[in-house]
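The values are calculated or read from the model by the stated rules, or taken from the named source; none is laboratory data. Values in this document were obtained by computation on a predicted structure and should not be read as measured data. Because the Cβ atoms are built from the backbone with ideal geometry, glycine has one as well, and the counts that use them run over all protein chains shown. Ligands, DNA and RNA are stripped out before the accessible areas are found, and what is left, the full protein with its side chains, is counted by its heavy atoms. Shrake-Rupley method; radii C 1.70, N 1.55, O 1.52, S 1.80 Å.
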Amino acid sequence: MMFEYTRRRGVHSPVTDAPTFRVGKLARAKTTDQTGADISHLIDRSYNYHSPRELHWHLAERLGLAPGAVMLRESAAA
């Protein structure tokens, strides 16, 4: 499954002092170049992710999918 997300600025992690980001919008992509239904309600949008990889694993776990079945791409904010 292909997912597309927009990034919002987060805070610096108090543990690693690295920048984090929040998900502005999460959508399931219809095809590789079209965005489908908004599924932002399925995740906690107030969570500060440290990397797209962390979001990838979180989506796989949340949706009960194998990590290899999840594809993720970032889109520019509208």
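Got a sec? Which of L65, L26, L59, L55 is modelled with pLDDT of 90 or more, assigned to a loop (DSSP other than H, G, I, E, B), open to solvent by less than 90 Å² (accessible area, probe 1.4 Å) and not basic (K, R)? I'd like the intermediate steps shown before the answer.
Values: L26 fails: assigned to a loop (DSSP other than H, G, I, E, B); L59 fails: assigned to a loop (DSSP other than H, G, I, E, B); L55 fails: assigned to a loop (DSSP other than H, G, I, E, B).
None of the other options fit; the residue is L65.
Any chance the stretch 9-20 includes a residue that's surrounded by fewer than 15 Cβ atoms within 10 Å (Cβ to Cβ) and closer than 18 Å to A69 by Cα?
The answer is no; no qualifying residue exists.
The conditions are (1) within 9 Å of the chain's Cα centre (by Cα); (2) open to solvent by 60 Å² or more (accessible area, probe 1.4 Å), and H41 fails exactly one of them. Which is it?
Answer for H41: the failing condition is (1).
Yes or no: T6 of a type in the set (S, T, N, Q), touching a residue at least 40 places away in the same chain (Cβ under 8 Å) and not in a loop (DSSP other than H, G, I, E, B)?
yes
Consider only pairs whose beta carbons are under 6 Å apart and that are at least six residues apart or on different chains; among these, list those whose first residue lies in the stretch 10-22 and is under 22 Å from L59 (Cα atoms) and whose second residue is small (G, A, S) and not in a strand (DSSP E or B).
T20/S13
What number of residues in the stretch 68-78 are out of contact with any Leu (no Cβ under 8 Å at 6 or more places or on another chain) and assigned to a loop (DSSP other than H, G, I, E, B)?
The initial filter retains those residues of the stretch 68-78 that are out of contact with any Leu (no Cβ under 8 Å at 6 or more places or on another chain), namely 68-69, 71, 73-78.
Still in the list and also assigned to a loop (DSSP other than H, G, I, E, B): 75-78.
Residues that pass the stated criteria total 4.
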